[in-house]
Amino acid sequence: MNKHEWSNSLKSFVEARRCQNPILDRHNLSTEEEWQYQIIGGEFISWHRNHLGDILNQRMALRVMDFDPEPLIVFTSNMPGLVAAKEIIRQPSDNLVYLMHEEFEEWSQNNIVDEFVFHIHHWSYFRQIDEDLLRQAQENYPDVLEESYRIHVTGDLWGDRCGVQGEHLWSWNNEEMQLLEEAFSHIRF
């Protein structure tokens, strides 16, 4: 499968999903989702301005890997992040697609993986805290109520063993989000 076929397949999938589950208007977000929108949107802008260029340069330096010089940027998130992406980049270029994180996982399971020759995957989304991180969060921040913890997952993957992921610990008090610890958990691929 070439880059054109690969990206068209993904874009067709995204188009079908958006017909079933359209991106919300910002005014339809809950208060907590509005905070997530701002956090994810800020992170995406920062990544695009400050990190994407470095990734592209590293890909060019690894010419032996035969990376495409103009890869498709696949941004995955939750709904507040998609709302932010839609507002930040109103007319996405041909080399950007954004979709729900679980949608990309589903599509990837049913399609040939390009081994990152054609694309860079960046993600930024909030998820429920798992038991291990909850235990660690309660040890480090015992004054925060269990139901208040939130995990913001960010990362990118652009080649075999070329990527990072950070899980940032936040608390939610029904009015605002507060960052408790950046890179509360992190891994390198």
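Pair-distance distribution of region 68-147: all C-alpha pairs, bin width 10 Å, starting at 0; shares per bin in whole percent are 16, 35, 26, 17, 6.
Note on region 60-89 and region 91-156: Cα centroid distance 14 Å, given to the nearest whole angstrom. Where does the Debye-calculated log10 I(q)/I(0) of region 19-102 sit at q = 0.12 Å⁻¹, using only Cα point scatterers of equal weight, no solvent? Computed log10 I(q)/I(0) values: -0.42. In sequence order, region 43-56 has phi-based couplings of 5, 5, 4, 4, 4, 5, 7, 10, 10, 4, x, 5, 5, 4 Hz under the Karplus curve 6.51 cos²θ - 1.76 cosθ + 1.60, θ = phi - 60°, and Gly or Pro positions carry x.
Rolling a 1.4 Å probe over the protein heavy atoms leaves H121 with an accessible area of roughly 20 Å². Taking Cα atoms only, the orientation of helix 131-140 departs from the longest principal axis of the chain by about 50 degrees. Measuring nothing but how far apart in sequence close Cα pairs (under 8 Å, 6+ apart) lie, relative to its length, the chain scores a relative contact order of 19 percent.
Where only protein heavy atoms count, and the probe is 1.4 Å, what is the accessible area per residue for region 79-189 in Å²? Please report the intermediate quantities before stating the final value.
Details: 6100 Å² over 111 residues.
On a per-residue basis, region 79-189 sits at 55 Å².
Derived scalar couplings between HN and Hα for region 172-189 equal 10, 10, 6, 10, 8, 9, 10, 6, 8, 7, 7, 6, 4, 9, 8, 9, 10, 8 Hz in order, rounded to whole Hz, by the Karplus curve 6.51 cos²θ - 1.76 cosθ + 1.60 (θ = phi - 60°), x for Gly and Pro.
Please pull out the direction-averaged projected area of region 91-136, using the convex hull of its alpha-carbon atoms, in nm² to one decimal place.
Values: hull surface 20.1 nm².
Result: 5.0 nm².
Taking only protein heavy atoms and a 1.4 Å probe, the accessible area of the chain is 47% carbon and sulfur. The HN-Hα couplings worked out from phi for region 23-31 by the Karplus form 6.51 cos²θ - 1.76 cosθ + 1.60 (θ = phi - 60°) are 5, 5, 7, 4, 5, 8, 6, 6, 4 Hz, whole numbers, x standing for Gly and Pro.
So for region 42-189, what percent of the C-alpha to C-alpha distances run longer than 26 Å? Intermediate results must be reported in sequence, preceding the final value.
Working: 3444 of 10878 pairs.
The share of Cα pairs beyond 26 Å in region 42-189 comes to 32 percent.
Potential lengthening of the chain between V117 and S9 amounts to 37.3 nm, from the contour at 0.36 nm per residue minus the alpha-carbon distance.
The values are calculated or read from the model by the stated rules, or taken from the named source; none is laboratory data. All values derive from a computational prediction rather than experimental measurement. Accessible surface areas use protein heavy atoms only, side chains included; no ligands, DNA or RNA. Shrake-Rupley method; radii C 1.70, N 1.55, O 1.52, S 1.80 Å.
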